[in-house]
Amino acid sequence: MISAVLGGMPMFWPGLLLSLVPAALLNRPVGRLLRAHWVVGFVLLLGLGGVVVATLLPEAFRLSEGAVRHCAVAGGRPRSPYELLHVRHIELKLATYAPVGFAAALAGPRRRAAALLGAAVLPFAVSAVHYALPAIGRACDVQDVWDGVQGVAFGAAAGLAAGPLVRALRTRSRAV
């Protein structure tokens, strides 16, 4: 299902592969900044790269001529669990934003609230860029914001649930 949606985004996989470079180079400093393991920094950077590639690159790399600046704000609402599991475009939103929420939830105790807040603000920032740069051909839509926030929340819930296991594995690996 997700592959059908990605068919209209020919540069998704090359862009995601290119995001591996900053993730590989900056994972340790970001992990230290978050007071978390370097893997958390890697997941966060790779997730941010996925968000940039999936939401901010011009669609099909054709800059829109005569693009109009607008933002659809009517009808935006949180989706039901049924909708989240049965709409192809929504699966991509969850898969795009969930790693960011997951990594933010695994940040150290003193940094977790700020990381989660930053992750929750990310969909709003993406829509603001869509509005500010109409030439990239992306529509600003409040439903996309809701879907992004739900993806972050889904990832954060998974990260918070996995947190004790991850910390136990980290402590165990240090002891060995």
Of the residues in the stretch 117-158 that are among the charged types (D, E, K, R) and under 15 Å from the mean Cα position of the chain (by Cα), the one that is most open to solvent (accessible area, probe 1.4 Å) is 144
When the stretch 31-45 is checked residue by residue, the ones that are open to solvent by less than 50 Å² (accessible area, probe 1.4 Å) and under 16 Å from the mean Cα position of the chain (by Cα) are 40, 41, 43, 44, 45
Log entry, pairs with first residue in the stretch 31-54 being under 11 Å from residue 102 (Cβ atoms), second being among the aromatic types (Phe, Trp, Tyr), beta carbons closer than 9 Å, six or more apart or on different chains, reads 40/102; 43/102; 44/102; 47/97; 47/102
Residue 93 fails exactly one of (1) over 17 Å from residue 47 (Cβ atoms); (2) open to solvent by less than 60 Å² (accessible area, probe 1.4 Å); (3) outside any loop (DSSP other than H, G, I, E, B); (4) basic (Lys, Arg), namely (1)
Taking the stretch 96-116 and keeping residues surrounded by 17 or more Cβ atoms within 10 Å (Cβ to Cβ), free of Cβ contacts under 8 Å to residues at least 60 places away in the same chain and over 10 Å from the mean Cα position of the chain (by Cα) leaves 105, 112, 116
Pairs returned, first residue in the stretch 10-25 that is touching a residue at least 60 places away in the same chain (Cβ under 8 Å) and open to solvent by 70 Å² or more (accessible area, probe 1.4 Å), second residue that is in a helix (DSSP H, G or I) and not aromatic (Phe, Trp, Tyr), beta-carbon separation under 7 angstrom, 6 or more apart or interchain, are none
Going through the stretch 1-51 in order, the residues found to be at pLDDT below 90, in contact with a helix residue (DSSP H, G or I) (Cβ under 8 Å, 6 or more places away or on another chain) and aliphatic (A, V, I, L, M) are 1, 2, 4, 5, 6, 9, 11, 16, 18
When every residue in the stretch 122-176 that is out of contact with any strand residue (DSSP E or B) (no Cβ under 7 Å at 6 or more places or on another chain) and of a type in the set (D, E, K, R) is compared, the one nearest to residue 103 (Cα to Cα) is 167
Restricting the stretch 66-81 to residues that are charged (D, E, K, R) and exposed (fewer than 13 other Cβ atoms within 10 Å of the Cβ), the one modelled with the highest pLDDT turns out to be 77
In the stretch 101-123, anything small (Gly, Ala, Ser) and part of a helix (DSSP H, G or I) is listed as 101, 103, 104, 105, 113, 114, 115, 118, 119, 120
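The values are calculated or read from the model by the stated rules, or taken from the named source; none is laboratory data. This is a predicted model, so every value here is computed, not measured. Cβ sites come from the backbone with ideal geometry, for glycine too, and all protein chains shown count toward neighbours. Note: areas computed on protein heavy atoms with side chains; ligands, DNA, RNA excluded. Shrake-Rupley method; radii C 1.70, N 1.55, O 1.52, S 1.80 Å.
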